[in-house]
Amino acid sequence: MDEKNKNEPDDKPDIESVCSQFHQHLRRKGLRVTPERDRICREVYSTSVHFDAEDLVQRLQASSKSVSRATIYRTLEVLEECGLVKKIRQTDKRRHYEKSLGLEHHDHLFCDECGKVIEFRVDEIERLQDDVCNRYGFHPRRHSLQIYGLCLECMAKKTRDDASRPE
């Protein structure tokens with residue numbers, strides 16, 4: 001389950017330029033530009049939600065453009081390497097990604113129960129991080145704030161379940 005990405009600017013990059021950038025990266029690495037890799041890139045950039053490899057498998061199968069799991073996993077690694085996707089969370093079973101080109105910086109809340117991802121940006125937190133870096137003479141290149149817990153819906157369900165349990 002996932003929240004829609006609210007940080008997408010109105011002038012998001014067009015899929016053709018993203019795929020062109022990906023194709024150039026593949027060629028620089030000595031890798032082939034294949035229809036399957038192109039389909040994966042297009043699928044990633046045609047959605048506004050976080051995803052994992054299994055999400056891509058299902059979406060590509062639903063659109064009759066099936067691509068092997070192995071190709072999807074390898075292609076996600078290359079997309080991450082060239083800066084077109086960013087890994088936002090890794091659990092024991094899955095790596096969760098979001099596209100990274102054309103998005104404003106933001107942080108994440110992760111629900112441990114249902115898996116919901118909520119994006120947020122708080123300018124005060126950004127200023128505090130800058131202050132800490134300045135205080136220690138540290139030059140940041142990137143950062144990620146991830147908070148794990150329960151979303152409102154799961155917290156309400158837990159409260160209802162706890163209230164209905166006999167003591």
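The values are calculated or read from the model by the stated rules, or taken from the named source; none is laboratory data. Everything numeric in this text was worked out from a predicted model, so none of it was measured. We place every Cβ from the backbone using ideal geometry, glycine too, and count neighbours over all the protein chains shown.
Things worth noting here:
- Sole residue being polar (S, T, N, Q) and exposed (fewer than 10 other Cβ atoms within 10 Å of the Cβ), chosen from 164, 100: 164
- Boolean, residue 120 is at negative phi and free of Cβ contacts under 8 Å to residues at least 40 places away in the same chain: yes
- Pair list, Cβ under 7 Å, 6 or more apart: region 66-80 residue more than 14 Å from residue 100 (Cβ to Cβ), other residue β-branched (Val, Ile, Thr): 67/40; 69/57; 72/40; 72/57; 75/40
- Filtered by the rule that a residue be among the hydrophobic types (A, V, I, L, M, F, W, C) and more than 12 Å from residue 44 (Cα to Cα), region 87-103 gives 88, 103.
- Top-ranked residue in region 123-167 [being free of Cβ contacts under 8 Å to residues at least 12 places away in the same chain and of a type in the set (A, V, I, L, M, F, W, C); ranked as farthest from residue 86 (Cα to Cα)]: 163
- Residue 139 at pLDDT below 85 and either in contact with a strand residue (DSSP E or B) (Cβ under 8 Å, 6 or more places away or on another chain) or under 30 Å from residue 24 (Cβ atoms) (or both): no
- Close pairs from region 41-61: first small (Gly, Ala, Ser), partner surrounded by fewer than 19 Cβ atoms within 10 Å (Cβ to Cβ) and not in a helix (DSSP H, G or I), Cβ under 6 Å, at least 6 apart: 48/4; 48/5; 48/8
- Residue within region 10-22 that is surrounded by 12 or more Cβ atoms within 10 Å (Cβ to Cβ), touching a Gly at 6+ places or on another chain (Cβ under 7 Å) and more than 20 Å from residue 144 (Cβ to Cβ) present: yes
- With respect to the conditions (1) in contact with a Leu (Cβ under 7 Å, 6 or more places away or on another chain); (2) more than 30 Å from residue 42 (Cβ to Cβ), residue 111 lacks only one, and its number is (2).
- The residue list 25, 50 contains one member that is of a type outside the set (Lys, Arg), outside the structural domain of residue 118 (by TED's automatic domain parsing) and farther than 28 Å from residue 148 by Cβ, which is 25.
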